[in-house]
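Enquirer: Dropping the structure in here first, questions after.
The values are calculated or read from the model by the stated rules, or taken from the named source; none is laboratory data. Note that the structure is a prediction, hence the values are computed from the model and not measured. Cβ placement follows ideal geometry from the backbone for every residue including glycine, while neighbour counts extend to all protein chains displayed. Just so you know, the surface numbers come from the protein's heavy atoms only, side chains and all, with ligands and any DNA or RNA stripped out. Shrake-Rupley method; radii C 1.70, N 1.55, O 1.52, S 1.80 Å.
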Amino acid sequence: MTQFRPTLGKSERIYHRKEIDALFKEGNSHSMSAFPLRAVYMLIPTTDNDEQQDDRPQRPQAKFLISVPKHCFRRAVKRNRIKRLVREAYRHNKSLVAQWPLAIAFIWMDRRMPDAATVNKSVVNLLARIHEKMAGTNKEQPTPNSLSNNE
């Protein structure tokens, strides 16, 4: 598995309305939960122009966003604390899904303030399950290049 730097840049975040709408409104997304988090994810269509040069360090292809609803925590301080905990857990464990062009949304579902261990455990569980799903779908579907080489 490729190692990625444990940083979170703007290129790894979902912040455009168009990307958010595609993740939640189109039928291509999948969802799973590991209480107190729920993850909604989908493959991002890529083009050949997205390929990186060899001299630059490899960047993760996965993008993410975090949502903590206001009905769970009325005070912004508490919502921001949970977002920080989820961001930190994702930053340390993003190498599980970073090789795939994914869009992932983490949605908080609990009304209690968590500790860092609980959040980390949920994020790792979700990322590992997404990794298994993506690895399973890539093995089953032949790539277009492998079809043309067999002819």
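Enquirer: For region 10-28, which positions are part of a loop (DSSP other than H, G, I, E, B) and free of Cβ contacts under 8 Å to residues at least 40 places away in the same chain?
Expert: We begin by selecting, within region 10-28, every residue part of a loop (DSSP other than H, G, I, E, B); these are 14-16, 26-28.
H16, E26, G27, N28, listed by residue number.
Enquirer: Related question: Name the single residue, out of those in region 38-56 being closer than 19 Å to W100 by Cβ and modelled with pLDDT of 90 or more, that is most open to solvent (accessible area, probe 1.4 Å).
Expert: That would be L43.
Enquirer: Could you grab me the full set of residues in region 69-109 that are in a loop (DSSP other than H, G, I, E, B) and either open to solvent by 20 Å² or more (accessible area, probe 1.4 Å) or touching a helix residue (DSSP H, G or I) at 6+ places or on another chain (Cβ under 6 Å) (or both)? Quick ask: steps written out before the conclusion?
Expert: Keep residues of region 69-109 that are in a loop (DSSP other than H, G, I, E, B), which gives 69-75, 97-101, 109.
Across region 69-109, the qualifying residues are P69, K70, H71, F73, R74, R75, V97, Q99, W100, P101, M109.
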